[in-house]
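Engineer: Have a look at this one before I ask anything.
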Amino acid sequence: MHEDTKEILFWMGLLNLAMQTTEELFDTVLIMVFPGKQRMTLEVLERLERERRSRTLGRLVKQMRDRVALRPDLEELLNDFVLHRNQLTHRLRDVPGWDLDSVEGRKVAWQFLSRVCAENQTVMEVLFGFLMAWTDENELKIGEELLAKFHKSFPEVPKYAAMIDDLVSPKEKVLG
């Protein structure tokens, strides 16, 4: 096996693990920040936790769209992220030019993995932004250690509340 192929396979595995974290974060944000019309109780949280295991990323994105109006560039990012995550996880043959047995195919693989990695990081930043704005708004102190680690890893993320105001608005406030 070519050394580049081994490295590509290593990064594929690492990226799949990173995207699992992003999917869990997505679910947490939907439950906590965008809960829909139901009142949040301990029983509702327990039920949602049981249901969480069967949700797909596409379904989570659809639920977010149902709850808030997304800015077009965020909508595009989420659509691309779901498509590319599914290609990486289920259908690499759908990535044009993917071929680990040729130099050109490995270049395509690296380009694809780089794109998915960048999308994953951006989606995580947006989701953490939602979570930060929500915890600030509700004067909660949950997840401070996790958020401190996030700040250390992603210091370039802008002030969260302003970012969220710019990215989404409640469905009822969106005209036409």
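Engineer: Pull out all pairs, ordered by first then second residue, where Cβ-Cβ is under 6 Å, the residues are six or more apart or on different chains, the first lies in region 1-13 and is surrounded by 14 or more Cβ atoms within 10 Å (Cβ to Cβ), and the second is of a type outside the set (Lys, Arg).
Structural biologist: Sorted first by the residue in region 1-13, then by its partner, the pairs are Thr5/Leu100; Ile8/Ala109; Trp11/Leu113.
Engineer: Moving on. Output the residues belonging to region 81-104 that are part of a loop (DSSP other than H, G, I, E, B), at pLDDT 90 or above and not small (Gly, Ala, Ser).
Structural biologist: Residues satisfying the conditions are Val95, Pro96, Trp98, Asp99, Leu100, Asp101.
The values are calculated or read from the model by the stated rules, or taken from the named source; none is laboratory data. Quick caveat, the model's predicted, so the values are computed rather than measured. Positions of Cβ are backbone-derived with ideal geometry, glycine not excepted, and every protein chain shown enters the neighbour counts.
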